[in-house]
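The values are calculated or read from the model by the stated rules, or taken from the named source; none is laboratory data. What you see is a predicted model, and the numbers here were worked out from it, not measured in a lab. No Cβ is skipped: glycine too gets one built from the backbone with ideal geometry, and neighbour counts run over all protein chains shown. The accessibility values were calculated without ligands, DNA or RNA, using every heavy atom of the protein model including side chains. Shrake-Rupley method; radii C 1.70, N 1.55, O 1.52, S 1.80 Å.
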Amino acid sequence: MTRTTESGTHPASAPAPAPGTDTDTGTRAVVEELLRRIAEGDPERIAELYADGADWRLSWPEDEHGRAGTPWIRHRATRADAADHYRALAAHHTPAEGDTRVERVLVDGADAVVLGEIRQTAAPTGRPYRAAFALHLTVAGGLVVRHHVYEDSLAVARAFAE
């Protein structure tokens, strides 16, 4: 995984916390640890960083959630759900042919946005795909309480289409 980080920007109407504040630093540390664990691929260790009751959303049409080819695409709320997500994701992709490139991590208080590109191969079809993504995370008490993913769902859907 390639990682480049930068400090976030703040709207002019709201006072911006000083870069490096305790909240920014704590959020960045949790997000960087999450990215490290995702790169290592251990679903149980990844899930330890999520709060039970987390607000987990994916930018896919609701009627496409959980379909047979992409069962990891659905809303989640618990640590067990988070672990299941990462297990299902791994089970439906060819491990040696995957890569996630994190281009930037922007932090503003408890919120972080991770920008990058997923490069994977769909195991059932053998089709490779690339999908740009933005991951909006919120950290509270050292745990991820919001996990919203915005990605190129069309690229993923095409790779898994029968």
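Tabulated data for the structure shown
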read-out: Residue among D52, D81, D42, D24 that is within 26 Å of L154 (Cβ to Cβ) and at pLDDT 85 or above; value: D81
read-out: Index of the failed condition, P124 passing every other in (1) within 15 Å of F160 (Cα to Cα); (2) in contact with a strand residue (DSSP E or B) (Cβ under 6 Å, 6 or more places away or on another chain); value: (2)
read-out: Counted residues, region 149-160 - those being open to solvent by less than 50 Å² (accessible area, probe 1.4 Å) and either part of a strand (DSSP E or B) or more than 17 Å from A88 (Cα to Cα) (or both); value: 3
read-out: Scan of region 139-148 for residues that are assigned to a strand (DSSP E or B) and open to solvent by 20 Å² or more (accessible area, probe 1.4 Å), ordered by number; value: A140, L143, V145, R146, H148
read-out: Meets criteria (open to solvent by less than 40 Å² (accessible area, probe 1.4 Å), hydrophobic (A, V, I, L, M, F, W, C) and assigned to a helix (DSSP H, G or I)) for A88; value: yes
read-out: Residues satisfying the stated conditions in region 97-128, i.e. part of a loop (DSSP other than H, G, I, E, B) and either surrounded by 15 or more Cβ atoms within 10 Å (Cβ to Cβ) or not small (G, A, S) (or both); value: G98, G109, A110, A123, P124, T125, R127
read-out: Lone qualifier among A54, A39 - being part of a strand (DSSP E or B) and either over 20 Å from Y150 (Cβ atoms) or out of contact with any Phe, Trp or Tyr (no Cβ under 7 Å at 6 or more places or on another chain) (or both); value: A54
read-out: The listed residue being over 29 Å from R28 (Cβ atoms), open to solvent by 20 Å² or more (accessible area, probe 1.4 Å) and of a type in the set (S, T, N, Q), out of T70, T94; value: T94
read-out: Yes/no for A77 being surrounded by fewer than 18 Cβ atoms within 10 Å (Cβ to Cβ) and free of Cβ contacts under 8 Å to residues at least 12 places away in the same chain; value: no
